[in-house]
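Each remark here refers to the structure printed beneath this line.
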Amino acid sequence: MTCEACGGKGYVEVEETCKVCGGSGKAKSFDPKITAELSDEQLKMFLQGVCGACRGTGKIKRMEVCKSCNGTGKAGKCRICGKKVIGNHDLCPECRRKPHAYLLKNSCGLEDVKLNRIYVGKVSGVTDIGVFVNLNKRLRGLIHRRNVGKAKLSENDQVFVKVENIRPTGEIDLVLGENKDYSIVEVSKDAPLFKISQLDGAVGKMIEVRGKVEHVKLTGGPTIFTIADETGLINAAAFEAGERAYPEIEPGHVVRIIGIVKRRDVKLQLEVLEMERLLGKEASEIERLIERELERKAEPEFRGFMIESEVLERLKDGMMAVAKELKKAVLESRPIIIRHHWDADGVCGGVALEIALLDYIEKVHPDPDAKNYLVRRKVSRAPFYELEDVVKDLDESLEDMAKFGDKIPLVVLVDNGSGHEDIPAVEQMLIFGADVITVDHHFPDDEVDSYLLHHVNPYKVGGDSNYTSGVLCTEIARMITDRDLKTLPAVSVVADRAEGEVERYVELSGYDREMLYNIGLALEFEGFFLRFRPASQIIHEILGFGRKDRMHRLISTLSSHAKKAIEENVKTAMDGVRVQILPNGIALAALDIENYAKKFTFPPPGKLTGEVHDRLKSKYERIVTIGYGPDFAVIRSEGVSLDIPRIVRELQEEINAGVDGGGHLVVGSLKFIQAKRKEVLAKLAAKIGSI
């Protein structure tokens with residue numbers, strides 16, 4: 001430790017009264033003997049009646065050896081009793097006279113080993129030539145057979161040894177210490193303190209870093225700790241032969257690490273020699289600096305929206321908040337789950353966020369494997385966050401927390417998450433400390449807001465469902481990455497039949513509507529057979545984030561198969577359609593999906609109902625098409641002012657049939673008890689007839 005009295009200089013400045021002028025600062029004459037020590041300027045002062053020796057101050061300053069540290073500049077506390085010690089000693093005079101042994105921490109090298117000192121060691125091997133003893137992970141000495149005597153030593157035994165000789169080759173000769181009650185003195189290397197951002201110039205050097213543990217990963221070799229300070233992130237590798245190194249250190253702890261800076265591929269890595277947890281004021285200050293810098297680094301970059309839109313401008317603050325939360329999660333090594341509806345719009349929205357986050361991880365995260373565990377895009381078959389999904393997400397997250405020390409995730413719901421039916425699953429996530437964000441364009445239920453960290457939805461600012469999830473997520477993604485994502489909103493707009501100013505995205509994409517429609521159809525066709533798998537590699541290829549030649553062949557193949565399957569199924573389904581003109585002039589088309597469509601094949605009931613509806617709406621100006629099965633109904637409409645969420649609530653109150661569902665105002669679906677199907681469909685038809 002540095003001597004406080006002299007600041008580590010070893011000397012102090014002493015001020016005393018000037019002997020020439022007696023402290024007055026004035027002098028009419030002076031002793032010629034001192035002229036040799038004075039400058040011409042000082043001599044002129046005497047001629048003017050001012051004391052040149054003290055320059056008129058009356059005081060003289062001189063340097064003397066610091067009495068606190070005897071000129072060494074060092075002072076500290078006794079490592080055993082805590083008393084103040086002076087100079088280079090680590091023990092006070094009293095403790096030096098008592099039996100004591102030194103425990104060398106892993107940062108210590110051969111230069112820290114002193115002759116005739118007693119050290120704590122561990123037996124690493126018993127051989128014919130003697131007993132090998134590890135003084136730490138870097139230092140090993142030998143007790144020659146002749147010096148072992150009658151002592152019975154086994155591997156991993158702790159022993160006290162005395163350094164008898166250090167050879168020019170670096171070999172250490174040891175002898176067994178006396179059998180005494182030693183006080184243990186820990187010795188650690190004084191390594192220069194670096195910030196993580198400065199480590200690029202310290203490769204190969206032993207340094208000290210202080211920061212916060214953001215993530216812990218156990219591998220077949222080292223335990224990898226992701227460490228953050230206010231300047232950046234770095235991986236610290238601690239080797240314990242496949243076992244968890246430093247099991248007392250957990251994510252969220254503030255630590256002091258001494259290690260050697262190495263380069264792994266293109267990224268820096270710290271090879272840990274010592275790690276200890278910091279507590280108290282020092283830890284609090286480090287956490288405060290990290291949090292302040294984290295907030296600054298996580299600020300998203302607004303590059304302007306791709307199109308001019310008052311709705312998007314009104315959503316800007318909410319979208320910026322979501323982008324900041326996502327960037328912050330990456331910087332904190334917090335897993336992110338992106339749950340999106342499986343249709344083309346949901347896929348485009350989910351992929352936009354996925355790509356932006358993967359780009360950001362590549363840019364800022366030191367762990368090359370971070371892409372595999374920090375971002376997980378998952379598919380929801382239902383148009384809401386159902387309990388089946390949340391159970392899988394929670395089970396996987398809690399398992400990762402137990403195995404790897406992962407943090408509880410940040411969940412982003414895309415193209416779902418706005419309705420009352422989402423609340424049970426969201427509520428379950430919140431119980432375990434997760435945060436949930438919704439980016440959706442379905443008509444929102446006000447109650448869900450109290451469960452969400454952020455809720456981006458065009459309806460909340462006077463917009464409507466034409467501002468698709470693909471549009472919203474792409475604009476958020478552009479606040480995180482500068483990657484070209486213009487295909488994604490265009491595909492979502494065409495696939496979701498969005499209209500109005502969002503059609504400008506189609507013009508910006510560089511593709512015609514037919515190509516965009518084929519991309520969306522290929523996504524849904526492939527997604528149907530992938531079931532619940534996100535299959536990012538295939539999906540990214542379809543969306544043009546791979547080889548362009550392969551993209552075009554893939555889309556052509558998949559979309560042609562999808563169109564063929566649609567035509568075959570629609571041809572059969574049309575025989576099961578019954579159209580009735582209601583008293584209010586609305587054409588009500590009913591499709592018996594159960595008996596007029598193949599089960600478990602493409603297109604699924606929702607897609608099939610939509611295709612049938614598209615063929616019917618050319619004949620009827622105002623039409624509602626209902627595709628029904630044993631316990632569900634899919635609703636599509638044209639020219640009719642439906643409010644499906646309101647109809648669902650009314651049916652729940654009027655019929656004891658377990659009615660559930662939702663969607664957009666004019667497009668949605670219902671679920672109900674099979675035995676009450678006739679009653680539910682009759683009530684539904686009556687409500688449509690009363691519009």
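Kindly write out, for the stretch 615-632 in residue order, the coupling ³J(HN,Hα) from the Karplus curve 6.51 cos²θ - 1.76 cosθ + 1.60 (θ = phi - 60°), rounded to whole Hz, with x marking Gly and Pro.
Listing the rounded values in order: 7, 7, 5, 5, 8, 10, 6, 10, 9, 10, 10, 10, x, 10, x, x, 9, 8 Hz.
May I ask you to derive the FRET efficiency for Lys563 and His540 from their Cβ-Cβ distance with R0 = 30 Å, giving the value to the nearest 0.05? Write out the running numbers ahead of the final one.
Values: r = 23 Å, r/R0 = 0.76.
Computed FRET efficiency for Lys563 and His540: 0.85.
Taking a label point 7 Å from the Cα of Val203 along the Cα→Cβ vector, which residues of the stretch 226-248 have an amide N closer than 18 Å to it?
What the label zone holds, given the 18 Å backbone N cut-off, is 233-237.
From the gyration tensor of the Cα coordinates in the stretch 310-510, what semi-axes in whole Å does the equivalent ellipsoid have, largest first, with each one equal to sqrt(5λ)?
On the way: eigenvalues 132, 80, 39 Å².
Over the Cα atoms of the stretch 310-510, the semi-axes work out to 26, 20, 14 Å.
Rounded, prolate or oblate for the stretch 436-513? Axes are the square roots of the Cα gyration tensor eigenvalues, ordered a ≥ b ≥ c, and the cut-off for rounded is a/c under 1.5. Kindly include the intermediate steps, with their values, before the conclusion.
On the way: a/c = 2.95, a/b = 1.57, b/c = 1.88.
The shape class here is oblate.
Output the Kirkwood hydrodynamic radius of the stretch 482-536, Cα pairs only, in Å rounded to one decimal. Write out the running numbers ahead of the final one.
Details: mean 1/r = 0.0840 Å⁻¹.
Final number for the Kirkwood radius of the stretch 482-536 is 11.9 Å.
Semi-axes of the stretch 99-187's equivalent ellipsoid from the Cα gyration tensor, sqrt of 5 times each eigenvalue, largest first, rounded to whole Å? Let's see the in-between values first.
Working: eigenvalues 64, 48, 29 Å².
The answer is 18, 16, 12 Å, longest axis first.
Just need the Rg to Rh number for the stretch 196-297, please, alpha carbons only, Kirkwood Rh.
In the stretch 196-297, Rg relative to Rh is 0.95.
Suppose only helical runs count, i.e. DSSP H with n ≥ 4. What mean residue ellipticity at 222 nm does that imply for the chain under -39500 (n - 2.57) per run, divided by all residues and rounded to the nearest 500 deg cm²/dmol? Please list the in-between numbers first.
On the way: 19 runs with 224 residues, N = 691.
Roughly -10000 deg cm²/dmol at 222 nm, from the helical runs in the chain.
Rounded, prolate or oblate: which fits the stretch 364-405, taking a ≥ b ≥ c as square roots of the Cα gyration tensor eigenvalues, rounded meaning a/c under 1.5, else prolate when a/b beats b/c?
Details: a/c = 4.28, a/b = 1.66, b/c = 2.58.
Because a/c hits 1.5 or more and a/b fails to exceed b/c, the stretch 364-405 counts as oblate.
Taking only the Cα atoms of the stretch 247-331, how large is their convex hull per residue, in Å³? Numbers along the way, then the final one.
Details: hull volume 12.1 nm³, N = 85.
Considering the Cα atoms of the stretch 247-331, their hull volume per residue is 142 Å³.
Mind checking the full-extension length gain between Arg97 and Asn584? Use 0.36 nm per residue of separation minus the Cα-Cα distance, one decimal, nm. Kindly include the intermediate steps, with their values, before the conclusion.
Details: separation 487, 0.36 × 487 = 175.32 nm, distance 10.59 nm.
Taking 0.36 nm per residue and subtracting the Cα distance, the gain is 164.7 nm.
On a straight-distance basis, which lysines could pair with Lys563 in a cross-link, Cα separation under 21 angstrom, same-chain partners fewer than 8 positions away excluded?
Straight-line reach from Lys563, under 21 Å: Lys571, Lys598, Lys599, Lys607, Lys617.
Which listed residue (Ser560, Trp342, Pro630) has the Cα farthest towards the positive end of the charge dipole for the chain, taking +1 on Lys and Arg C-beta and -1 on Asp and Glu C-beta about the Cα centre?
Trp342
Under a straight-distance cross-link criterion of Cα-Cα below 19 Å, which lysines are reachable from Lys9, leaving out those fewer than 8 residues away in the same chain?
Lys61, Lys67, Lys74, Lys77, Lys84
When 1/r is averaged over all different Cα pairs and the result inverted, which Kirkwood radius in Å belongs to the chain?
Values: mean 1/r = 0.0318 Å⁻¹.
Taking every pair of different Cα atoms in the chain, averaging 1/r and inverting gives 31.5 Å.
In which sequence would Lys564, Lys607 go, from the one with the fewest C-beta neighbours within 10 Å to the one with the most?
Least crowded to most crowded, the residues run Lys564, Lys607.
Report the label-to-label distance for Glu362 and Asp464 in nanometres (one decimal), using points 7 Å from each Cα along the Cα→Cβ vector.
Label at Glu362, label at Asp464, 4.0 nm between them.
Between helix 548-573 and the chain, what is the angle of the helix's C-alpha long axis to the longest principal axis, kept within 0 to 90° and rounded to the nearest 10?
30 degrees
Using the crude model of +1 on Lys and Arg Cβ and -1 on Asp and Glu Cβ, and no other charge, please compute the dipole size for the chain relative to its Cα centre, in debye to 20.
On the way: 101 positive and 107 negative charges, 702 e Å.
Using only the charged Cβ atoms, the result is roughly 3380 debye.
Sort 104-116, 264-276 by the packing proxy (mean of other Cβ within 10 Å over each peptide's residues), most packed first. Before the final figure, lay out each step's value.
Values: 104-116: 15.8, 264-276: 17.5.
Result, highest mean Cβ count within 10 Å first: 264-276, 104-116.
Just the ratio, please: alpha-carbon radius of gyration of the stretch 397-483 over 2.2 N^0.38 Å, N its number of residues. Please list the in-between numbers first.
Details: Rg = 14.4 Å, N = 87, 2.2 N^0.38 = 12.0 Å.
Working it through for the stretch 397-483, the quotient is 1.20.
Pairing the Cα long axis of helix 280-297 with the longest principal axis of the chain, what angle in degrees results, from 0 to 90 and rounded to the nearest 10?
Roughly 40 degrees, rounded to the nearest 10.
Can you give the Kirkwood hydrodynamic radius for the stretch 571-689, in Å, rounded to one decimal and based on Cα pairs?
Evaluated on the stretch 571-689, it is 14.2 Å.
Kindly state, to the nearest 0.05, the FRET efficiency for Lys262 paired with Asp449, given R0 = 45 Å and r defined as their beta-carbon distance.
Working: r = 49 Å, r/R0 = 1.08.
Calculated value: 0.40.
Greater than 26 Å separation of Cα atoms is the criterion. Which listed pairs, Lys328/Lys371; Lys392/Lys671; Lys281/Lys324, meet it?
On the way: Lys328/Lys371 15 Å; Lys392/Lys671 22 Å; Lys281/Lys324 29 Å.
Going by Cα-Cα distance, Lys281/Lys324 fall outside the 26 Å limit.
Within a 10 angstrom radius of the beta carbon, how do Cys54, Cys18, Cys81 rank from fewest other beta carbons to most?
Working: Cys54 22, Cys18 19, Cys81 13.
Final ranking by Cβ density, sparse to dense: Cys81, Cys18, Cys54.
In the stretch 92-134, whose amide N lies under 11 Å from the spot 7 Å out along Cα-to-Cβ of Cys81? List them in ranges.
Under cut-off, by backbone N: 92-98.
Pull out a ≥ b ≥ c, the square roots of the eigenvalues of the alpha-carbon gyration tensor of the stretch 588-640, then state rounded if a/c is under 1.5, prolate if not and a/b is larger than b/c, and oblate in the remaining case. The partial results should precede the final answer.
Numbers: a/c = 2.43, a/b = 1.82, b/c = 1.33.
Prolate, because a/c is 1.5 or more and a/b exceeds b/c.
For a paramagnetic label modelled at 7 Å from the Cα of Leu398 toward its Cβ, which residues of the stretch 372-392 fall within the zone defined by backbone nitrogen distances under 11 Å?
Of the residues in the stretch 372-392, 391-392 have backbone N under 11 Å from the label point off Leu398.
In nm, to one decimal, how far is the modelled label at Phe239 from the one at Glu503, with both set 7 Å along Cα→Cβ?
The modelled label-to-label distance comes out at 6.6 nm.
Once you place label points 7 Å from the Cα toward the Cβ at Lys122 and Asp181, how far apart are they in nm?
That separation, rounded to one decimal, is 2.6 nm.
Run the dipole for the stretch 595-691 about the Cα centre, Lys and Arg Cβ at +1, Asp and Glu Cβ at -1, nothing else charged, and hand back the magnitude in debye, nearest 20.
Rounded to the nearest 20 debye, it is 320 debye.
If you rank Met45, Met319 by fewest surrounding Cβ atoms within 10 Å, what's the result? Don't skip to the end; give the middle numbers.
Numbers: Met45 20, Met319 23.
Ascending number of Cβ neighbours within 10 Å: Met45, Met319.
Every read-out reported here was derived from the displayed coordinates using simple, explicitly stated rules and does not represent laboratory data. Here the structure is a predicted model, which means the values were calculated and not measured. Methodologically, a virtual Cβ is constructed for each residue, glycine included, from the backbone with ideal geometry; neighbour enumeration extends over all protein chains shown.
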